[in-house]
Each structure stands twice: as structure tokens, then as C-alpha cells.
Amino acid sequence: MKRIIGRLGYMLIVLIVSSIAVFYAIRLSGGDATAAALPGSATEEFRQEFRASIGLDRPIYLQYFAYMGKILRGDPGRSITNNASLIEMLKTHGKNSLILGGAAFALVFVIGIPLGVLASLRRNSWADHGIMSFSVIGMAIPNFWLALLAVWLFASTLRILPAAGCCSPKQLILPAIVLAFEGIALTVRMTRSAMIENQNNDFVRTLRAGGLSEWRVMGKHVLRNALIPIISLAGLRIGQIVGYALIVEQIFGWPGIGQALVTAVLRRDYPVAQFFSLILVVLVVLGNWLADTGYTLANPRLRRSK
Amino acid sequence: MNQTVHDELVEIRDLRISIHSEGSFFEVVKGVSLSIRANEIVCLVGESGCGKSITALSVMGLLPADVAGVTGGEIFYRGQSLLGLSPREMRRVRSEEIAMIFQDPTTSLDPVFTIGSLLKEVIRAHRDVSRSEAEELAVRALEEAQLPDARKRLRSYPHELSGGMRQRVMIALATALNPAVLIADEPTTALDVTVQAQILESLRTRQKERKMGMLLITHDLAVVAAVADRVAVMYSGEIVEEASVNDLFDNPKHPYTQGLLGAIPDITARRGALHAIPGRVPPPQVTPPGCEFAPRCAHSIESCWEEHPVLLPTSVGKLRCINPQPYST
Ligand SMILES: Nc1ncnc2c1ncn2[C@@H]1O[C@H](COP(=O)(O)OP(=O)(O)O)[C@@H](O)[C@H]1O
Ligand SMILES: [Mg+2]
């Protein structure tokens, strides 16, 4: 318990530091915000006035505090290109991203763990070799390329799935699989090696000596032990999915946070870019915290430690 | 097969076990015969690596299948061959008929499940009982293994218990289903010296109460002297001498046994070391034509190097030596 709470404090620090980093990065690299909001014919005076009206003329650290204050009050502001409320944008794009990311996250484990277990139980069989080759490919192939390949195969050639769009279950399939692919490949590997490692544990012999079936020994005890490292790295999968979502949402025209962020950066819509970057950072940090919590809960040796 | 009641619960007959690892293939158990009767403790002693654990595991059908296999001989339980049993039948034998306790209680228990859930799982794998009935059986087994606060301990994880307590859990696990035979492979070696005696006493109490046949593997001669009825001495994959504990300690015939006993100046000393015999166990890959022990034997004669001695009955037991010497201390 202490460990979980201690981690919470650590997470807060990471959040604060990374919010500062994001804020500076966007401000320093975002280019001239007035270019996005004002017509090219606007005079320099007018631009100055505009900057002052939204606080851009103040020192950057003051801007940061003002900005964080607004965020914490639940008012992140509006887009400077189309005046859309960021809260509203977060709701719609966030929901879409949650659907896609959630589906991908689930796929990582629902597909990855059983395949890994199968490979470990049929070690050196054709099933094992097949699964492991698939896993090597899954880790080697770049995400965007896989996306294009999937679109070409399933949408253009076989015509069984839509190439892009949102948000029917059919439209979800391709982006979710592409987003999950590397995670699945990694999970297969980790599951297989963790299963094999745990099969050599002394306790396996004890369980067999107790007359338990192989199914119980492997499917319950060895798997449960093998899951500890997999659960502990689940948070990294969240981070990975968040990162890849930027590309995958773009390719599949899935209107999630990633897509909104990319669009905003291209348009120099810094309030949107800043806000959604922050959201992504929060997601990644939260993922890591969840992972640690999961690891602690999954491992009785940590759970009860005082 | 005759109709007499089988005096021997377990009978190992001319057992051969080979190891195949990293391209090499060699015998580590070379024709071992040994029996365990009800209500007796048989001690199997010998230096590390001589094949004691492998022999015990083969009785349980638990040889690591990828490296070891039985290549000859038979193992009977109450007259029935164990080697021919299906996996399912063998699972029933394990812990219902023959149970085993291992050396290291730290690694022998699944760390992510509680003691209670482990015991209940094993009990329910063999007995058609409800969860609460299984729990009662688990508590009773723990109490009989003298684990303090047995009921409370059901919810403990292995890491929350001391080494001695874990070994009591192992004893409870092994005896929960009332097996006729208990195999204990160095059950106290990994424990603190202070708890070794207690655990051994617990084991012996359980064995006497239930009239179990027990095979106790150890290299602690003080333990042997304290609990054994019969002793089999193993050297390099073979039994070299077997006798009742008194005969063996009073009048050991095999030079190896004599060496083992000579290695402890006083049998009542807490711990006996077995490694004081000059030389070491030959690697199992190398099989000399004569007696395996000849290279280390002070009394070897020429024929010891030429012909492999057989295990022959003596007035008090069995002996594999063509030039036995009277024992003097
Ligand atoms: N898993 C294994 N892989 C390779 N060799 C093994 C394995 N287990 C045992 N052996 C070999 O078998 C022999 C007997 O081992 P073991 O029965 O464990 O000895 P003991 O219990 O008498 O110390 C040893 O020489 C050891 O090298
Ligand atoms: Mg051993």
C-alpha cells in the first residue's frame, strides 16, 4: 500500500516536470501563434495587441502558471483556429481515442498471452516456430508501414474492411490491430520466455508431486507467475499505444486525440497542441503508475511488504 | 504374482536411469535395487551427485523428461508396476499413495498462492470434497505437521513464513492425503541448524503415527543414526552396501561406508561431513571397468580394477565389494 501511495507522489512530480517541458517545447517551437489566428494582412501592431490579449507578451513562466491555473480550474481555453472549446474537443476526441486505444490494449493481452503460452507449451514445434516468426515480424515492421500494408490487403485488395473512418466496429478492426501489433509481438515473446523460465521452478515439481494435472500446473500456477513481469510492463504498452496512436489515427482518419494533436501542430494552434500534449503525457504517466500498481498487486511478495 | 500381502510397499528393482544433456548420454543410476516397507525409515546416503535424488524422483514419476529417463528395471508399488501407469493413474498415486518432500522449502512453494489455497487445491485434486471440507482437512494437516496457528496460516503466503514453517507446510502437503509412503529428499539440509532437529522429529512422528514407509535421503550421518531403521549407501549410481542401522554403524563392511563413518569422529556429533574421503566421485560419464570406488579405495587389489563387483547378500544385508575389510576405529 505504501509503495502504491509513494508512487503516486512520484507520479505527481513527473507530471509537473513534464507539463513544464511540454509547455516550453510548444511555446518555443510552435512558431508565431498569430500566424495561425490572424490573416496574413494583419499589421504588426495588431499582432502585438492580439498577443497581449491572450497573455503571450508576459514572461513564459508566468504564462505557465496562468495556464496551469486555468487547466486546474477546468478551463483549458479554446482553439485559436476555430474557437472550439477544448473541453468539448477532449470529450469527442478522447472518447474515440479511448475506444481505439482500449481495443488495442485489450488485443495485446487477449492475443499475446494465449499465443505465448501455446508457444511455450509446444516448444520447438511448428506452432512455436510459427508464433515466434510472427512475433519477430511484429517487432521489426514499422507501424506506419504495417498500416499501409493492412489497408492495401484488407481494404483495397480483399475489400472486406473499410480503409478508414470512424467509428463503427468494422472501422475499428484495422486501426486497433495495427496499433496493437507490436505490443502483441512483445507480449508473445515475454509470455513465452516467462512461462519457460517458470516451468523450471522448484514449486512446479511440488505441484506435480501433489498430483495436480499438467493443465493446472501450467495453466494456473506457472502462468500466474509468468504474468507478473507481463503485468508490470503493461503500462509501457499504454505508453507505446499512446505514441503510435499519433500515426495510426492519422493514417486511418480516426478522429482521436492523436489526430487532433497532429492537426493542431500543423496549424500552429498552440492551445490545442499544448492541451492535448499534456493529456498524452498524463496518459503515459498514469499508465506507468497503473503498471506499478498492477505489479504490486500481482506479486504477493510486494503486496504485503510494510 | 503371488497372493501374499506385499510386505514391500515400494520395490525398486535393478533401476537404470540415464541422463542425456548437451549431446552426451550417460547412466547415473546403474541398477539400483531398494525396497521400502511399511512402518520403517530407510535412509539413502551418499555423496552429492551419486544419484539419490534422481532415484527418488523416478519413483514419483517426476524425472525431468527432457534430460532424464528410466532405461531399465522396474518400480513396484504394492506389487504393481509404476513405470507402466498412464499419466492420469500416476497422478493419483502421487501424494495419495506416495508423497515427496523436497530439499529447499524456499523455492518449493508457489509464491503467488496462499498456503491454504495450495493445500486445498491438492486435496481437492484427489478427494471429492467441498471447499469448506477441504479447508478443514488442510487445517488438520497443518496442525498435524505442528505448524503454529494453523488456521490463521491458511491465508499466509510462503514468503511470510520462516524456512522451518515452510517445511512444515511441505510436510502437511505431503501427508494431507494419508500416503503410505513418504519420500523426503534432504528435508532439513536447507534449514537452520536449530530447526533441523524439530523438523526431523515432526517427520518421524508423522511416520510412526501413520505407520508410513519412509525413504529419507540425507548426507547427515547424525540424522541417519538418529532415525533410520535401515540404511542403503549409494556410490556413483549404485548401492554399495545395505544393512540395518545398527549393523551398518557397528560393522560397516564396504571401504566407502567405512570412510563415511570414519569421516565423523563421533556419530553423536551434530553434523557429519561426508567429504573427508580422499578423492572425489568420478564423473558419471566415465565408467571404469572395475569397481567404481577402486580409485579412492585404500584396500583395492588388482581384481578390483578389472571386474565390476556385484551386490551380494551378507549375513546382515547386502554388499558390493570383493575385498571387504574388518572395521576398526
Ligand atoms: N537436470 C539434470 N541435468 C543434467 N544432469 C543431471 C540433472 N539432474 C541430475 N543430473 C546428474 O545426475 C547425477 C545424479 O544427480 P542427483 O540424483 O541429483 O544426485 P544426488 O541427489 O545424489 O546429489 C549427477 O551426476 C547429476 O550431474
Ligand atoms: Mg539430491
message: Quick check on the stretch B:182-213: of everything there that is β-branched (Val, Ile, Thr) and either more than 16 Å from ligand 1 (Cβ to nearest atom) or in a strand (DSSP E or B) (or both), which residue is farthest from the chain's Cα centre (by Cα)?
response: B:Thr194
- prompt: Among the numbered criteria (1) open to solvent by 70 Å² or more (accessible area, probe 1.4 Å); (2) within 14 Å of another protein chain (Cβ to nearest Cβ), which single criterion is violated by B:Pro158?
  reply: (1)
statement: Of the residues in the stretch B:214-256, those that are in a loop (DSSP other than H, G, I, E, B) and more than 16 Å from ligand 1 (Cβ to nearest atom) number 6
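Matching residues to (1) more than 10 Å from ligand 1 (Cβ to nearest atom); (2) part of a strand (DSSP E or B):
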site	(1), (2)
B:Glu11	yes, yes
B:Phe25	yes, yes
B:Glu47	no, no
B:Cys50	no, no
B:Ile54	no, no
B:Ser58	no, no
B:Leu62	yes, no
B:Gly73	yes, yes
B:Leu83	yes, no
task: State yes or no: is B:Ser35 small (Gly, Ala, Ser) and either closer than 25 Å to B:Gly317 by Cβ or within 13 Å of chain A (Cβ to nearest Cβ) (or both)?
output: yes
field: Only one of A:Val110, A:Val178 that is surrounded by fewer than 17 Cβ atoms within 10 Å (Cβ to Cβ), modelled with pLDDT of 90 or more and among the β-branched types (Val, Ile, Thr)
entry: A:Val110
message: For the list (1) buried (at least 24 other Cβ atoms within 10 Å of the Cβ); (2) within 23 Å of B:Leu200 (Cα to Cα), I need the number of the one condition that B:Val122 fails.
response: (2)
- request: Tell me, yes or no, whether the stretch B:103-118 has at least one residue that is touching a helix residue (DSSP H, G or I) at 6+ places or on another chain (Cβ under 7 Å), among the polar types (S, T, N, Q) and without any contact (Cβ under 8 Å) to a residue 60 or more places away in the chain.
  value: yes
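Residues are listed down the side, and each one gets a yes or a no for (1) over 17 Å from B:Arg13 (Cβ atoms); (2) of a type outside the set (D, E, K, R); (3) touching a residue at least 24 places away in the same chain (Cβ under 8 Å); (4) more than 16 Å from ligand 2 (Cβ to nearest atom):
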| position | (1), (2), (3), (4) |
| --- | --- |
| B:Ser53 | yes, yes, yes, no |
| B:Pro64 | yes, yes, no, no |
| B:Ala68 | yes, yes, yes, no |
| B:Gly79 | no, yes, yes, yes |
Enumeration of residues in the stretch B:85-112 that are more than 7 Å from chain A (Cβ to nearest Cβ), open to solvent by 10 Å² or more (accessible area, probe 1.4 Å) and either of a type outside the set (Val, Ile, Thr) or assigned to a strand (DSSP E or B) (or both): B:Leu85, B:Ser86, B:Pro87, B:Arg88, B:Glu89, B:Met90, B:Glu97, B:Gln103
Only listed residue being polar (S, T, N, Q) and outside any helix (DSSP H, G or I), chosen from A:Asn96, A:Asn83: A:Asn83
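The values are calculated or read from the model by the stated rules, or taken from the named source; none is laboratory data. For clarity, every value in this text was computed on a predicted model and none was experimentally measured. Methodologically, a virtual Cβ is constructed for each residue, glycine included, from the backbone with ideal geometry; neighbour enumeration extends over all protein chains shown. The area values use the complete protein model at the heavy-atom level, side chains included, leaving out ligands, DNA and RNA. Shrake-Rupley method; radii C 1.70, N 1.55, O 1.52, S 1.80 Å.
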